[in-house]
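In what follows, a single structure is set out as structure tokens and then discussed.
The values are calculated or read from the model by the stated rules, or taken from the named source; none is laboratory data. None of the values given here were measured: they were computed from a predicted structure. Here the Cβ is made from the backbone with ideal geometry for all residues, glycine too, and neighbour counts use every protein chain on show.
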Amino acid sequence: MEGCKNARIEQPCSATGFIKRFKYETGLTPADFFQRIKVEEARRRLAVPKAAITAIAFDLGFSSSQYFASVFKKYTGTTPREYSRKVLSALSPSSLNAKFGHITTRRDKSG
């Protein structure tokens, strides 16, 4: 890793050297690393009912909702809309009761 072999904060290196060192250390380019972080944040936000996909895309710095959808699908294998529907349907009370049966709470027991 020429130029960044012993890189420290106080020892800057070239952009190319940084990218090579980053990829060597993480297995990812810096751009890929940050896109993965954005997709993980998008997944979290899409689990909220009535999440606006376009707003999420722009909030996370994507230039368009179409580009966001293509990046999201690249990393998750599904579109943001499909992901949101799947997650929200899995979290709905009817699907949880179907999966686990009625779960008795303290409120159910005492009242």
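See the values below:
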item: Test: residue in region 73-89 that is over 30 Å from ALA31 (Cα atoms), more than 21 Å from the chain's Cα centre (by Cα), modelled with pLDDT under 95 and in a helix (DSSP H, G or I); result: no
item: Test for THR16: is it surrounded by 13 or more Cβ atoms within 10 Å (Cβ to Cβ), among the hydroxyl-bearing types (Ser, Thr, Tyr) and not in a loop (DSSP other than H, G, I, E, B); result: no
item: Scan of region 19-34 for residues that are exposed (fewer than 11 other Cβ atoms within 10 Å of the Cβ) and within 20 Å of the chain's Cα centre (by Cα), ordered by number; result: GLY27, ALA31
item: Those residues of region 40-71 which are closer than 14 Å to ARG85 by Cα and in a loop (DSSP other than H, G, I, E, B), in sequence order; result: ALA47, VAL48, PRO49, LYS50, ALA51, ALA52
item: ARG8 being among the basic types (Lys, Arg), modelled with pLDDT of 95 or more and out of contact with any Cys (no Cβ under 7 Å at 6 or more places or on another chain); result: no
item: Filter pass, ILE37 being buried (at least 17 other Cβ atoms within 10 Å of the Cβ) and either in a helix (DSSP H, G or I) or at pLDDT below 95 (or both); result: no
